[in-house]
């Protein structure tokens with residue numbers, strides 16, 4: 001979104017920006033189909049239907065849809081959308097990291113509990129067995 005905002009600020013149109021992004025940005029190849037569809041005169045929704053299962057590109061298309069339909073200044077909208085997307089990604093990463101800490105307790109327990117029993121409890125029990133058997137005699 002930031003790159004598209006920079007392209008639009010420099011005077012490149014939305015369709016041309018989509019073509020340049022498709023050619024230069026890894027993972028943005030479906031935008032070439034969107035560009036061809038828009039150039040051929042397809043409606044916005046029809047052109048973006050070819051994006052398929054790319055959630056980032058669908059979000060990008062939703063950010064551009066308002067500007068394309070109304071002619072609003074797109075660069076600022078995209079920069080705001082990019083900031084929001086980065087904040088959401090950061091929040092999701094923090095949530096995943098918090099869940100990972102909780103999920104790591106079980107494997108650590110499974111690994112350390114047998115070692116603790118074998119190295120800490122078993123020697124003590126083995127050392128006490130002769131004394132206990134000696135007192136029974």
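The values are calculated or read from the model by the stated rules, or taken from the named source; none is laboratory data. None of the values given here were measured: they were computed from a predicted structure. Using ideal geometry, Cβ is built from the backbone for each residue, glycine included, and neighbour counts are taken over all protein chains shown.
Descriptive notes on the structure:
- Failed condition for residue 74, given (1) free of Cβ contacts under 8 Å to residues at least 60 places away in the same chain; (2) under 18 Å from residue 2 (Cβ atoms): (1)
- In the stretch 47-58, the residues that are at positive phi and part of a helix (DSSP H, G or I) form no Cβ pair under 9 Å with any partner that is at pLDDT below 80 and loosely packed, with under 13 Cβ neighbours inside 10 Å, whether six or more places apart or across chains.
- In the stretch 19-36, the residues that are surrounded by 15 or more Cβ atoms within 10 Å (Cβ to Cβ) and either free of Cβ contacts under 8 Å to residues at least 24 places away in the same chain or over 24 Å from the mean Cα position of the chain (by Cα) (or both): 19, 20, 21, 22, 32, 33, 35, 36
- Checked against (1) assigned to a loop (DSSP other than H, G, I, E, B); (2) in contact (Cβ under 8 Å) with a residue 12 or more places away in the chain; (3) exposed (fewer than 11 other Cβ atoms within 10 Å of the Cβ), residue 69 passes all but condition (1).
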